[in-house]
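Written below as structure tokens is the structure these notes are about.
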Amino acid sequence: MKGYLHLEDGSIYTGALEHGSLEDINGEIVFFTGMTGYQEVLTDPSYKNQIVVFTYPLIGNYGVNISDDESKKPQVKAVVIYECTSQYSHYEAQYSFKEYLEKWNIPIIHHIDTRAVVKKIRNHGSMAATITSKSALAEKPSTIFEDGVFEVVSDKLETYGNGEKHIALVDFGYKKSILTSLLDRGCKVTTVPFKMMDQIGDLKPDGVLLSNGPGDPEQLSSYFSQIKKVVSAYPTLGICLGHQLIALSFGAKTTKLLFGHRGANQPVFDLKTNKVFMTSQNHSYVVIKESLKDTDLSMRFYHINDDSIEGLSHKSLPVLTAQFHPEAHPGPSDSEWIFDEFLELVAVAKGDILYV
């Protein structure tokens, strides 16, 4: 059926609408620049309540398999693409792109001029959007959902692996590949819903990892003091939202980017090694550089394109953060060594740091 993409600024784009209910679909519209990795994007909890525009013009050519999901189901509100193929070629694929989204009742609007939509987002910024079968709406889209973290977090502690290093993975909507990256390095991992952080002490972990997740980090302000307590007690790695929460808990501030960093081609500079590497990213918010002045945090990584902060270290504590995704699903995998550096911090402190 004919479908329409309505943007907050009044723009309207016409395409073909498939799947989903006949109700209007509302969410924040963002774009992803990777040529591959659509399955990981669909299932990344950080995309909760967002409408994702894929910039690559043909999506679905290698299908969907059962191993590359980053969570148990798609998290996006809807998908905007130019062309979607039902023919897939990968030997592990079990569904076509369309079949997979139809299974979960996720709408697709295709044969949209995605290039024009992306240009609009780059100029105007991320904004509210509505996908509907109606050519006109009574009101322009106006609601952006920023509280998705409460929808994607797990509800119980779970333990994986049996390695010598025990890592508490604080769950704000973690990607499966973060867990896998730790397990592949011989760790025992216990996932801890952020609402249960008070139970970390009972686990006696050797280190803590604060995961990625959706939305504005300020929505979790009631947890800042608890986060600071945990981070001050254990070697810690923060990824994406976890990075932002560590910064906020130590007194820094965050702000929202115009259209965010999303894609598998983001260049980052490491002030420690003086090297540039490519990263996979998905975030709207960044730490404000000037707000670090009165904290014990210092910038470790920054983004080559806009000089925004991409990671922090602490002046005295074994703390490392990354705004990008070192687990690299989708890739590139240039920054996987972040996990190794974190585990080196854990090895040095193992047995010497107690929960306070």
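The values are calculated or read from the model by the stated rules, or taken from the named source; none is laboratory data. None of the values given here were measured: they were computed from a predicted structure. Because the Cβ atoms are built from the backbone with ideal geometry, glycine has one as well, and the counts that use them run over all protein chains shown. What goes into the accessible areas is simple: the full protein's heavy atoms, side chains included, and nothing from ligands, DNA or RNA. Shrake-Rupley method; radii C 1.70, N 1.55, O 1.52, S 1.80 Å.
Here are a few things to note about the model shown:
- Every pair of residues 6+ apart whose Cβ atoms lie under 6 Å, when the first sits in the range 160-189 and is without any contact (Cβ under 8 Å) to a residue 60 or more places away in the chain and more than 28 Å from LYS48 (Cβ to Cβ) while the second is charged (D, E, K, R) and in a loop (DSSP other than H, G, I, E, B): HIS166/ASP206
- If the condition is being out of contact with any Asp or Glu (no Cβ under 8 Å at 6 or more places or on another chain), open to solvent by less than 60 Å² (accessible area, probe 1.4 Å) and farther than 18 Å from ILE12 by Cβ, then the range 126-153 contributes GLY148, VAL149, VAL152.
- Flag for ILE246 being of a type in the set (A, V, I, L, M), within 19 Å of LYS315 (Cβ to Cβ) and in contact (Cβ under 8 Å) with a residue 60 or more places away in the chain: yes
- Search result, residues across the range 50-70 that are open to solvent by 10 Å² or more (accessible area, probe 1.4 Å) and touching a Gly at 6+ places or on another chain (Cβ under 9 Å): GLN50, THR55, TYR56, ASP68
- For the range 99-121, filtering for residues that are buried (at least 20 other Cβ atoms within 10 Å of the Cβ) and farther than 17 Å from ILE12 by Cβ leaves 4.
- Counted residues, the range 50-73 - those being touching a residue at least 40 places away in the same chain (Cβ under 8 Å) and either assigned to a loop (DSSP other than H, G, I, E, B) or touching a Leu at 6+ places or on another chain (Cβ under 6 Å) (or both): 6
- Unique residue being touching a helix residue (DSSP H, G or I) at 6+ places or on another chain (Cβ under 7 Å), open to solvent by less than 70 Å² (accessible area, probe 1.4 Å) and of a type in the set (A, V, I, L, M) when the list is LEU292, LEU312: LEU312
- One residue stands out in the range 74-103 among those that are in a loop (DSSP other than H, G, I, E, B) and under 18 Å from PHE32 (Cβ atoms): the one that is farthest from the chain's Cα centre (by Cα), namely THR85.
- Only listed residue being touching a residue at least 12 places away in the same chain (Cβ under 8 Å), surrounded by fewer than 24 Cβ atoms within 10 Å (Cβ to Cβ) and in contact with a strand residue (DSSP E or B) (Cβ under 9 Å, 6 or more places away or on another chain), chosen from THR236, THR254, THR279: THR254
- Residue within the range 7-27 that is touching a Leu at 6+ places or on another chain (Cβ under 9 Å) and in a helix (DSSP H, G or I) present: no
- Within the set SER142, SER126, SER181, SER133, the sole residue that is at pLDDT 95 or above and not charged (D, E, K, R) turns out to be SER181.
- Beta carbons closer than 6 Å, at least 6 apart along the sequence or on distinct chains, pair a first residue in the range 200-225 that is within 22 Å of PHE342 (Cβ to Cβ) with a second that is open to solvent by 20 Å² or more (accessible area, probe 1.4 Å) and basic (Lys, Arg) for ASP206/LYS165; ASP206/LYS350.
- Output for the range 35-49, where each listed residue is open to solvent by less than 20 Å² (accessible area, probe 1.4 Å), assigned to a loop (DSSP other than H, G, I, E, B) and within 19 Å of GLU92 (Cβ to Cβ): GLY37
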